[in-house]
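Working notes, structure below.
The values are calculated or read from the model by the stated rules, or taken from the named source; none is laboratory data. In this text the structure is predicted, and so the values were computed from the model without any measurement. Heads up, the Cβs are rebuilt from the backbone with ideal geometry, glycines too, and the neighbour counts pull from every protein chain shown.
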Amino acid sequence: MSKDEWKLLRYGLLTALLMGLVLGLILVHDSNFPKVAAEAILAAIAGSVFLLYRYIERRKNPKPGQMVVLIEVPRGMLDDLPPEDQKAINEIVGKPIQLNEYDEDGRAELEFKDRDGDFHCIFVAPEFIKAAERNG
């Protein structure tokens, strides 16, 4: 399973646990509790867990303008690229580079200069980057 699938599984389990706990407490307290009200409470729990997930994910991502490290090259990214571009991208893995922005699909735009002085710009999913460690 991928890292994202594990995250979704954990949040799904958290949602199910909270729903079961709340529903169990409602049924123990009042077995004639209105079905519509119970469904509304469960929907609110699911929505809250989803919003919490989105908030945590957004806070975790480095901000535009920060230096980041490309953790690994995404599978398929180098396919059909010229050898000099493949080499340039492979050489930046693990090194601090500039995060310009996130595009409308949420991909990180990374800009860097290779050893020949040529600029490159690549787009990767946020799970392939992390904030660069600050020295000092």
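Each residue in the range 102-123 was checked for being within 16 Å of K63 (Cβ to Cβ) and either surrounded by 13 or more Cβ atoms within 10 Å (Cβ to Cβ) or among the polar types (S, T, N, Q) (or both), and 6 of them qualify. Among the conditions (1) in contact with a Cys (Cβ under 8 Å, 6 or more places away or on another chain); (2) closer than 21 Å to Y11 by Cβ, the only one that Y53 does not satisfy is (1). Considered as a group, the residues in the range 87-126 that are among the small types (G, A, S) and out of contact with any Asp or Glu (no Cβ under 6 Å at 6 or more places or on another chain) include one that is nearest to G65 (Cα to Cα), and that residue is A108.
None of E72, E91, E84 is at pLDDT 90 or above, under 15 Å from A125 (Cβ atoms), surrounded by 11 or more Cβ atoms within 10 Å (Cβ to Cβ) and not aromatic (F, W, Y) except E72. With respect to the conditions (1) without any contact (Cβ under 8 Å) to a residue 40 or more places away in the chain; (2) within 30 Å of L14 (Cα to Cα); (3) of a type outside the set (V, I, T); (4) part of a loop (DSSP other than H, G, I, E, B), P74 lacks only one, and its number is (1).
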